[in-house]
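Beneath this line is the structure, given in structure tokens, with notes to follow.
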Amino acid sequence: MAELRAKNEYTLDTVAMNVEDADLDLSTARAVAKAKARDIDSNAMMLSYHSGKTGEFWPTYDCGGGGRPPWIVFAEARGYNLKIDINDGEYEFFYLRF
């Protein structure tokens, strides 16, 4: 089985953002996160996400993390090094910078 692991100089960074929109949904939050990630690195690739607001997450399968959240296990296994946190956990997006 192939394993994706980033071999690069980037450290693990978290960017906290506040979006004042009472109707903020996943689609809008994803677009905001993508724009910010691409500002940081034009090649940034989203690996996973989680919504603290709705409980929704992707990937939607158990990644065998011994009880750990699958979106985190999935992103860690692929070497994520950028997290975009919108509204203090309302939406979290995990990215890989190259």
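What follows is calculated from the coordinates using simple rules that are stated; it is not laboratory data. Fair warning: this is a prediction, and the values are worked out from it, not measured in the lab. With ideal geometry, Cβ positions are generated from the backbone for all residues, glycine too; neighbour counts draw on all protein chains shown.
Per residue of segment 12-27, what does 6.51 cos²θ - 1.76 cosθ + 1.60 with θ = phi - 60° give for ³J(HN,Hα)? Whole Hz please, x for Gly and Pro, Karplus curve as stated.
7, 10, 10, 10, 8, 10, 10, 10, 8, 8, 4, 9, 4, 10, 4, 4
Using a 7 Å offset from the Cα along the Cα-to-Cβ direction at both MET45 and VAL19, what is the distance between the two label points in nm, to one decimal?
The modelled label-to-label distance comes out at 2.3 nm.
With θ set to phi - 60° and the Karplus curve 6.51 cos²θ - 1.76 cosθ + 1.60, what are the ³J(HN,Hα) couplings of segment 35-46 in order, to the nearest whole Hz, using x for Gly and Pro?
4, 5, 4, 6, 5, 6, 8, 4, 9, 4, 10, 6
Among MET46, MET17, rank each residue by its count of other Cβ atoms within 10 Å, from fewest to most, as a rough exposure measure.
On the way: MET46 18, MET17 14.
Final ranking by Cβ density, sparse to dense: MET17, MET46.
Quick one: Karplus J couplings for segment 91-98, per residue in order, coefficients 6.51, -1.76, 1.60, θ = phi - 60°, nearest Hz, x for Gly and Pro?
Values, residue by residue: 9, 10, 10, 10, 10, 10, 9, 10 Hz.
To make sure I understand the rule: partners must be aspartates and glutamates, Cα under 17 Å from the Cα of LYS53, and not fewer than 8 residues away in the same chain. Which ones qualify?
GLU20, ASP21, ASP23, ASP25, ASP85, ASP88, GLU90, GLU92
May I ask you to sort LEU47, LEU82, LEU26, LEU12 by Cβ crowding, counting other Cβ atoms within 10 Å and putting the fewest first? Spell out each step's value before the answer.
Details: LEU47 22, LEU82 25, LEU26 14, LEU12 10.
Least to most surrounded, the residues fall as LEU12, LEU26, LEU47, LEU82.
Quick check: net charge around SER51, other residues with Cβ under 12 Å of its Cβ, Lys/Arg +1 and Asp/Glu -1?
On the way: positive: ARG30, LYS53; negative: ASP25, GLU56, ASP85, GLU90, GLU92.
Cβ neighbours under 12 Å give a net charge of -3.
Considering only DSSP beta bridges where both residues belong to the chain, give the percentage that are antiparallel (nearest 5).
70 percent
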